[in-house]
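Contents: one structure, followed by commentary.
The values are calculated or read from the model by the stated rules, or taken from the named source; none is laboratory data. Since this is a predicted model, take the numbers as computed values, not measurements. Note: ideal-geometry Cβ built from the backbone for every residue, glycine included; neighbour counts use all protein chains shown.
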Amino acid sequence: MKKAIEIDFPFEKVDPIAEKESYRKEIVRPIYHIHKWWAQRLGSVFRAIILGSVLDDKKNIWEAFYQKHDLKDKIILDPFMGSGTTIGEGLKLGCKMVGCDINPVSSFIVRHSFSNINPVRLIEEFNKLEKSAKPQIQQYYLKTHPKTNEVCSVLYYFWVKTVKTPEGKEIPLFSNYVFSKNANTKKQPIAKIICPKCYTINEGRFDTLKLICTKCSHDFDPQDGPAKGQFVFDKETGKKYKIAELVRSNGDKPPNHKLYASLVLRPDGSKEYLPINDDDLQLYEKACNVSKSLKNAFADFPIEMGHNTKQAINYNYKNWKDFFNPRQYLALSILLEGILKIEDKEIRTLFVCLFSGTLEFNNMFCSFKGEGTGAVRHLFSHHILKPERTPLENSVWGNEKSSGTFYSLFKSRILRANEYLSKPFEIQVINGQSHKRYCNNPVTCKYVEHFEELKDTPNSCLVLNGDSSQLQLPDKSIDAIVTDPPYFDFVHYSELADFFYAWLKPALKDEFSFFEMNNSRRDGEVQNQDEELFSYNLSKVFSEGKRVLKDDGVLVFSFHHSKIKGWMAIYYAIINAGFYIHKAYPVKAEMSVATPKNNAKSPINVDAIFICKKQIHSNDVDENGIENSAIENYHNFLKRLKQVGRELSDGDKKVIYLSQLLSEQSKIENSNGRVNQFIDEEQLQRVISESLFEPPPEHTISKEESLTLFD
């Protein structure tokens with residue numbers, strides 16, 4: 001029996017919904033944002049994929065999109081489950097779900113993302129924790145106002161890294177002295193500027209080139225800090241030094257830091273920037289001394305060298321504990337120890353999951369985004385562990401005016417996700433406006449430990465941790481495989497996940513067997529900078545998928561890459577596993593304004609969705625017509641996307657065309673199980689340059705408009 005997705009996929013109708021979701025994923029799909037994971041795909045896209053993968057070809061995917069479903073007889077597998085997008089969308093449709101990931105942090109996240117807990121129980125336990133842990137933490141984030149003597153809560157402390165020259169002079173690594181400005185500088189151009197001589201907080205335009213300090217009368221250019229790219233300058237002597245060399249001259253320790261400003265919350269609810277005084281320094285020293293006496297071993301694990309960790313290691317960050325200053329480490333330790341005393345295991349482990357997510361916003365790799373937006377820029381904003389020269393220290397527990405604290409994330413992540421599980425909705429776009437459609441049953445996930453238990457338990461989910469090329473599942477037991485494989489040469493998830501693992505292991509090693517090792521890296525990971533090894537490891541997972549997949553089932557996965565070798569690697573993985581690409585469709589990928597995308601010359605905002613079936617060798621395919629068929633499909637898809645105003649970069653067009661070329665090529669019988677590279681670079685560029693794709697601008701969605709959709 002053919003599946004609906006083998007006939008067609010309504011990608012142009014899903015596209016506007018996916019676009020809206022991409023800007024507010026944490027609002028539209030909060031169940032996937034309790035904890036950080038990388039390259040998360042869009043729930044609306046995967047809802048449509050799952051429907052198309054299990055409904056027969058007489059059903060229309062788009063007509064089924066806003067209908068309630070109870071697909072209790074269908075079992076879906078995701079062998080690269082990540083944050084659990086496939087799992088959550090399948091549970092909403094009533095499917096039984098099997099998820100596996102080789103990374104233990106992923107397995108831990110998914111085991112706690114779909115527990116629909118009574119909110120009264122959650123709030124009661126949170127209130128108990130607040131009563132016990134908050135005072136212990138908050139005592140280190142208090143400040144007496146120098147003019148009014150009011151006791152204020154510190155929201156954020158501002159730090160700057162410093163380096164010491166061979167002559168013994170300490171230089172702060174400011175690239176400029178504007179340390180706080182509004183997200184919308186056109187409407188609110190006044191910014192906070194630190195004086196480089198006396199560290200007084202001044203006000204001036206964010207782009208001013210001349211300022212005289214109100215306290216010491218120092219005349220300076222706020223845009224001209226001593227740090228320029230890889231170098232730092234001594235303004236008095238004019239000497240230039242390489243920052244990395246000065247950092248390494250500090251011995252084996254990370255760079256020193258200087259505390260220079262704070263943002264406080266006054267008792268009347270107003271915020272104010274205040275300079276650092278002796279009381280601040282004494283309070284920090286007190287926290288440092290108490291931190292030294294801690295007996296726990298949280299985060300005390302060496303950082304292993306890797307593609308995404310080497311930059312931090314080059315700055316002498318050798319241990320995960322180094323990512324936190326002593327006050328942060330003390331506050332986080334107090335919080336985690338309080339959580340571990342919660343008797344209710346379900347809530348305790350959920351709060352540990354939230355705590356782990358809180359780490360992302362409470363470390364010395366964070367920075368200040370400014371006023372008028374989420375204040376804290378988390379450490380993974382660049383997909384690498386990039387040392388921050390002007391880090392922001394958050395207040396860990398926080399309050400109603402905080403961003404990225406345990407308090408604020410409990411409200412915005414746990415309670416919001418719990419509400420979504422009770423009333424899951426979809427977004428419908430009508431005349432450019434978003435509306436909620438409540439077309440799902442409440443998610444009442446029952447986690448099981450074995451496949452036999454899964455078969456007999458409605459609304460159940462089996463979460464596995466391990467190598468997905470060795471699944472403990474029966475032959476031909478899975479109706480569809482829906483997944484999003486990792487990249488082979490960009491974001492290495494395990495290297496980044498070690499940041500969380502260093503705290504989770506000592507907290508949970510006695511409860512979860514997959515926290516036994518000293519890091520989250522495992523043999524059998526698909527990610528590999530060598531494309532052949534990547535293709536080989538991925539093919540092993542796909543081969544195992546072929547074993548457990550029913551004969552009429554489909555393997556569906558999303559993919560894009562900027563390099564030809566990435567496309568060839570994925571192609572070989574499919575063919576060598578015994579599949580062929582029946583169809584390929586373009587869909588909206590992750591958020592268009594993510595930092596890595598903004599920095600790309602031709603950003604890719606479109607994924608290819610590959611619909612793979614078990615190989616049936618045939619000689620009916622016209623090898624000479626492959627290129628023509630691919631070009632015809634390519635132009636057809638461009639027309640369909642143009643109808644909804646989708647703007648496409650050259651990178652997007654490359655994704656669409658290559659997916660069609662691979663799809664057509666895969667239909668050729670291949671007795672050797674491997675082919676030579678068949679992608680012609682000149683032909684590729686010609687096809688893209690001749691596409692003449694210009695969608696009407698009135699249909700595009702601005703970033704500013706999208707941010708107000710769900711307010």
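Among the residues of the stretch 139-191, those identified as under 24 Å from Ser270 (Cβ atoms), of a type in the set (D, E, K, R) and over 30 Å from the mean Cα position of the chain (by Cα) are Lys143, Lys147, Glu150, Lys187. Of all the numbered requirements in (1) surrounded by fewer than 23 Cβ atoms within 10 Å (Cβ to Cβ); (2) touching a residue at least 24 places away in the same chain (Cβ under 8 Å); (3) not small (Gly, Ala, Ser), Glu63 misses one, and that requirement is (2).
Kindly indicate whether any position in the stretch 364-375 is within 22 Å of Ile109 (Cα to Cα) and either in contact with a helix residue (DSSP H, G or I) (Cβ under 9 Å, 6 or more places away or on another chain) or at pLDDT 95 or above (or both). No, the stretch 364-375 contains no residue that is within 22 Å of Ile109 (Cα to Cα) and either in contact with a helix residue (DSSP H, G or I) (Cβ under 9 Å, 6 or more places away or on another chain) or at pLDDT 95 or above (or both). Every condition in (1) surrounded by 19 or more Cβ atoms within 10 Å (Cβ to Cβ); (2) of a type outside the set (Asp, Glu); (3) on the phi < 0 side of the Ramachandran plot; (4) touching a helix residue (DSSP H, G or I) at 6+ places or on another chain (Cβ under 8 Å) holds for Leu91 except the one numbered (4).
Among the residues of the stretch 459-478, those identified as under 21 Å from Phe559 (Cα atoms) and either surrounded by fewer than 22 Cβ atoms within 10 Å (Cβ to Cβ) or not polar (S, T, N, Q) (or both) are Asp467, Ser469. Any residue at all in the stretch 218-228 that is over 35 Å from the mean Cα position of the chain (by Cα) and surrounded by fewer than 12 Cβ atoms within 10 Å (Cβ to Cβ)? Yes, some residue in the stretch 218-228 is over 35 Å from the mean Cα position of the chain (by Cα) and surrounded by fewer than 12 Cβ atoms within 10 Å (Cβ to Cβ).
Which residues, counting only those in the stretch 447-477, are within 13 Å of Met97 (Cα to Cα), under 27 Å from the mean Cα position of the chain (by Cα) and of a type in the set (Ser, Thr, Tyr)? The answer is Tyr447, Ser460.
Here are some residues: Glu495, Glu511. Which one is surrounded by 16 or more Cβ atoms within 10 Å (Cβ to Cβ) and within 27 Å of the chain's Cα centre (by Cα)? Just one listed residue meets the conditions, Glu495.
Listed conditions (1) out of contact with any Leu (no Cβ under 8 Å at 6 or more places or on another chain); (2) crowded, with 20+ Cβ neighbours inside 10 Å; (3) within 25 Å of Phe512 (Cβ to Cβ) are all met by Asn118, apart from (2).
Taking Leu246, is it farther than 28 Å from Ile303 by Cβ, surrounded by 13 or more Cβ atoms within 10 Å (Cβ to Cβ) and either in contact with an Asp or Glu (Cβ under 8 Å, 6 or more places away or on another chain) or in contact (Cβ under 8 Å) with a residue 12 or more places away in the chain (or both)? Against the criterion (farther than 28 Å from Ile303 by Cβ, surrounded by 13 or more Cβ atoms within 10 Å (Cβ to Cβ) and either in contact with an Asp or Glu (Cβ under 8 Å, 6 or more places away or on another chain) or in contact (Cβ under 8 Å) with a residue 12 or more places away in the chain (or both)), Leu246 does not qualify. Within the stretch 592-619, residues that are under 17 Å from Lys667 (Cα atoms) reach partners that are at pLDDT 95 or above and of a type in the set (Asp, Glu) with beta carbons closer than 8 Å, at six or more positions or on different chains, in the pairs Ile611/Glu6; Lys613/Glu6; Lys614/Asp551.
Residues in the stretch 267-295 that are exposed (fewer than 12 other Cβ atoms within 10 Å of the Cβ) and under 28 Å from Lys181 (Cβ atoms): 5 in all. Scanning the stretch 453-493 for residues that are modelled with pLDDT of 95 or more, farther than 24 Å from Lys92 by Cβ and of a type in the set (D, E, K, R) yields a total of 3.
Taking Ile668 as the residue in question, decide whether it is part of a loop (DSSP other than H, G, I, E, B) and at pLDDT below 95. For Ile668, the condition - part of a loop (DSSP other than H, G, I, E, B) and at pLDDT below 95 - is met.
Taking first residues from the stretch 412-424 that are at pLDDT 95 or above and partners that are in a helix (DSSP H, G or I) and of a type outside the set (A, V, I, L, M), the Cβ contacts under 6 Å between residues at least 6 apart in sequence or on separate chains come to Arg416/Pro30; Ala417/Pro30; Asn418/Pro119; Tyr420/Pro30; Pro424/Lys92.
When Ile626, Ile701, Ile631 are screened for being of a type in the set (Val, Ile, Thr), at pLDDT 75 or above, touching a helix residue (DSSP H, G or I) at 6+ places or on another chain (Cβ under 7 Å) and closer than 28 Å to Ile50 by Cα, only Ile631 passes.
For the stretch 431-455, a residue qualifies if it is over 25 Å from Pro474 (Cα atoms) and outside any strand (DSSP E or B), and the qualifying residues are Asn431, Gly432, Tyr438, Cys439, Asn440, Asn441, Pro442, Val443, Thr444. Phe108 falls short of the stated requirement of being touching a residue at least 24 places away in the same chain (Cβ under 8 Å), within 23 Å of Phe637 (Cβ to Cβ), surrounded by 21 or more Cβ atoms within 10 Å (Cβ to Cβ) and more than 15 Å from the chain's Cα centre (by Cα). Scan the stretch 419-430 residue by residue and report those that are crowded, with 21+ Cβ neighbours inside 10 Å and in a helix (DSSP H, G or I). Correct list: Tyr420, Leu421. Taking Met517 as the residue in question, decide whether it is modelled with pLDDT of 90 or more, of a type outside the set (D, E, K, R) and assigned to a loop (DSSP other than H, G, I, E, B). Here the answer is yes, as Met517 does meet what is asked.
Hey, could you check the stretch 235-289 for residues that are among the polar types (S, T, N, Q) and modelled with pLDDT of 95 or more and say which is farthest from Val160 (Cα to Cα)? It comes out as Ser270.
Would you confirm, using the coordinates I've provided, whether Ser132 is small (Gly, Ala, Ser) and surrounded by 16 or more Cβ atoms within 10 Å (Cβ to Cβ)? It is false that Ser132 is small (Gly, Ala, Ser) and surrounded by 16 or more Cβ atoms within 10 Å (Cβ to Cβ).
Among what's in the stretch 671-698 and is part of a loop (DSSP other than H, G, I, E, B), among the charged types (D, E, K, R) and loosely packed, with under 12 Cβ neighbours inside 10 Å, pick the residue that is modelled with the lowest pLDDT. Among residues in the stretch 671-698 that are part of a loop (DSSP other than H, G, I, E, B), among the charged types (D, E, K, R) and loosely packed, with under 12 Cβ neighbours inside 10 Å, the one modelled with the lowest pLDDT is Arg674. Just wondering, is there one or more residues in the stretch 534-549 that are assigned to a strand (DSSP E or B) and buried (at least 16 other Cβ atoms within 10 Å of the Cβ)? Yes, the conditions are met somewhere in the stretch 534-549. Met97 meets each of the listed conditions (1) on the phi > 0 side of the Ramachandran plot; (2) surrounded by 18 or more Cβ atoms within 10 Å (Cβ to Cβ) apart from (1).
Kindly indicate whether any position in the stretch 280-290 is free of Cβ contacts under 8 Å to residues at least 40 places away in the same chain, closer than 30 Å to Ala191 by Cβ and in a helix (DSSP H, G or I). Among the residues of the stretch 280-290, at least one is free of Cβ contacts under 8 Å to residues at least 40 places away in the same chain, closer than 30 Å to Ala191 by Cβ and in a helix (DSSP H, G or I), which makes the answer yes. Residues that are over 30 Å from Gln139 (Cβ atoms), small (Gly, Ala, Ser) and touching a residue at least 24 places away in the same chain (Cβ under 8 Å) occur in the stretch 221-228; there is at least one.
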